[in-house]
Amino acid sequence: PLALGLYTVNAVYGDTITMPCRLEVPDGLMFGKWKYEMPNGSPVFIAFRSSTKKNVQYDDVPEYKDRLSLSENYTLSIKNARINDEKRFVCMLVTEDDVFEEPTIVKVFKQPSQPEILHQADFLETEKLQMLGECVARDSYPEGNVTWYKNGRVLQPVEEVVVINLQKIVDKSTGLFTMTSSLQYMPTKQDANAKFTCIVTYYGPSGQKTIQSEPVVFDVHYPTEKVTIQVLSQSSTVKEGDNITLKCSGNGNPPPQEFLFYIPGETEGIRSSDTYVMTDVRRNATGEYKCSLTDKSMMDSTTITVHYLDLQLTPSGEVTKQIGEALPVSCTISSSRNATVFWIKDNTRMQTSPSFSSLQYQDAGNYICETTLQEVEGLKKRKTLKLIVEGKPQIKMTKKTNTNKMSKTIVCHVEGFPKPAVQWTVTGSGSIINKAKETKYVNGKFSSKIVIAPEENVTLTCIAENELERTVTSLNVSAINIPEYDEPEDRNDDNSEKVNDQAKLIVGIVVGLLLAALVAGVVYWLYVKKSKTASKHVDKDLGNIEENKKLEENNHKSET
């Protein structure tokens with residue numbers, strides 16, 4: 001490279017400077033020398049080499065002591081390049097008749113250290129111009145330049161917003177430069193998490209280069225502009241007995257630590273941290289809740305509905321009624337929204353609500369009225385009614401001769417609650433029959449059955465007794481040789497229908513037979529009447545009076 005038309009050597013600070021002598025060696029060369037020129041132009045000789053004796057001599061120049069080396073081809077090397085080595089050096093080749101000279105310019109370059117952002121602000125505040133930090137790059141030669149960046153974009157100076165001040169200080173002992181660039185900056189809320197860097201631009205042997213600092217992020221403080229209140233709950237709905245946690249927050253940085261909470265029914269705000277807890281809330285806690293900054297400058301509100309569910313069952317608990325009595329039952333619901341109500345009897349869901357105008361034994365049981373709010377998790381209520389239907393014992397006795405005609409079955413049909421105890425006796429003798437069999441007790445009804453083969457007529461007594469009354473009924477039973485039939489012993493609705501159908505069939509047959517007999521009688525009467533008429537005509541034709549009389553007598557007998 002040439003500088004102003006002169007040959008230039010670019011060297012790196014601390015490396016070895018190598019300067020070839022760019023002259024052709026002339027004939028009759030006596031020696032070669034190197035010198036450098038002072039700023040005022042006066043020469044300073046530093047190295048000498050004889051062409052005949054091959055010896056090398058270095059002049060007593062303190063700054064180059066032990067740093068020089070002159071080769072046989074008169075190339076000069078300077079170790080540990082320094083800034084002061086930036087000079088004009090001259091190679092001289094001397095003969096008896098002439099002196100040949102060729103100058104070389106030396107340039108020295110030093111890369112600065114990686115820039116650092118020092119004296120960083122602890123935090124930045126919006127709407128306030130303050131010192132963000134200083135970017136420092138040390139030991140550069142020649143001097144470099146510093147540029148600030150935010151999120152990869154150059155920060156240009158803006159009055160009262162971006163103020164940059166660059167200082168360059170040279171170390172007199174080394175000649176190296178230290179660049180310090182301070183940045184005053186007025187941040188905005190959007191500068192939160194912004195990355196600030198600085199880049200130093202410098203020159204090296206091969207041209208312009210840059211080095212970048214590590215990025216720095218600053219905590220940007222800004223005032224609260226909005227307050228928000230939240231309901232912290234594990235469920236989306238609130239019911240009686242729950243705990244409610246209110247949380248108030250501001251969007252400033254740092255966020256506010258204290259707030260005023262306004263509770264329904266309270267005229268003054270309650271000072272608290274960012275959370276306020278209410279335990280075991282009741283329905284009267286429903287309403288609008290607010291929170292604000294302590295200076296009441298900003299406020300937010302939310303509405304909380306505390307759901308409730310009340311159930312009133314009338315009557316409830318254990319209720320005892322007599323058979324045939326009426327029992328009004330009501331299940332009344334009061335809730336914060338529409339509730340679903342259903343009834344369960346003895347673990348089976350009922351299709352309709354129970355209603356008792358005339359209680360029967362099958363109405364007895366355990367009733368549950370249950371209600372839920374489907375949208376509110378865990379809100380369910382139920383109440384129970386244990387209904388007991390009591391009745392005095394009622395008895396009906398039946399008898400029939402068994403198909404083998406060797407015995408008779410006597411049945412005592414019993415109704416009543418509590419379940420009556422049944423006893424059989426033989427009237428007259430008073431003996432007790434202990435071989436009775438009982439059917440299952442269902443809906444207050446059951447049957448007691450005995451099988452006997454009496455040799456003579458007998459009267460049997462069925463005694464049914466519970467806590468309410470003692471009922472006695474007797475039945476006369478003929479001897480075994482006299483067949484007897486009565487109503488079926490295990491009557492139910494289906495059997496009753498079958499009996500009714502059979503009775504209808506028998507009545508139909510009897511009526512049919514009577515009608516057939518009536519029709520036959522009418523036909524016969526018409527026939528007799530016609531015969532009498534025909535006989536009269538015959539008598540007149542024949543004139544036989546005697547025969548006519550006989551015929552009339554016969555006809556009269558036939559009519560009779």
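Relative to the dominant Cα principal axis of the chain, helix 545-559 is inclined by about 40°.
Taking the Cα centre of the chain as origin and assigning +1 to Lys and Arg Cβ atoms and -1 to Asp and Glu Cβ atoms, the resulting dipole is close to 2440 debye. Solvent-accessible area of the range 391-477 (1.4 angstrom probe, protein heavy atoms only): carbon and sulfur portion equals 49 percent.
Nearest 10 degrees is fine. How inclined is helix 493-542 to the longest principal axis of the chain, computing both from alpha carbons? Roughly 40 degrees between the two axes. Identify, among A47, G28, Y64, the residue whose Cα sits farthest towards the positive end of the charge dipole of the range 12-118, taking +1 on the Cβ of Lys and Arg and -1 on the Cβ of Asp and Glu, with the dipole about the Cα centre. So the residue we want is Y64. Among the protein heavy atoms of the range 84-227, carbon and sulfur supply 45% of the accessible surface, probe 1.4 Å, non-protein parts ignored. A helix-only calculation puts the chain at -4000 deg cm²/dmol for mean residue ellipticity at 222 nm, using -39500 (n - 2.57) for each DSSP H run of at least four residues, averaged over all residues. Amide H contacts for K107 (H built 1.01 Å from N in the peptide plane; partners 5 or more residues away or on another chain; cut-off under 5 Å): V9, N10, A11. For the range 391-477, the average shadow cast by the Cα convex hull is 5.7 nm², which is a quarter of the hull's surface. Each Lys or Arg adds one and each Asp or Glu takes one away; over the other residues whose Cβ falls under 12 Å from the Cβ of V56, this sums to +2. For the chain, the relative contact order works out to 7 percent when only alpha carbon pairs closer than 8 Å and six or more residues apart are counted. Residues in the range 8-109 average 54 Å² of solvent-accessible surface per residue, probe 1.4 Å, ligands and nucleic acids excluded. For the range 277-371, the per residue solvent-accessible surface stands at 55 Å², with DNA, RNA and ligands left out and a 1.4 Å probe.
Per-residue 3J(HN,Hα) values for the range 241-246, derived from phi via the Karplus relation 6.51 cos²θ - 1.76 cosθ + 1.60 with θ = phi - 60°, read x, 6, 9, 10, 10, 9 Hz in sequence order (x marks Gly and Pro).
The values are calculated or read from the model by the stated rules, or taken from the named source; none is laboratory data. Everything numeric here is computed off the predicted structure, so don't read it as measured data. Using ideal geometry, Cβ is built from the backbone for each residue, glycine included, and neighbour counts are taken over all protein chains shown. Remember, those area values only see protein heavy atoms, side chains included, never the ligands or the DNA or RNA. Shrake-Rupley method; radii C 1.70, N 1.55, O 1.52, S 1.80 Å.
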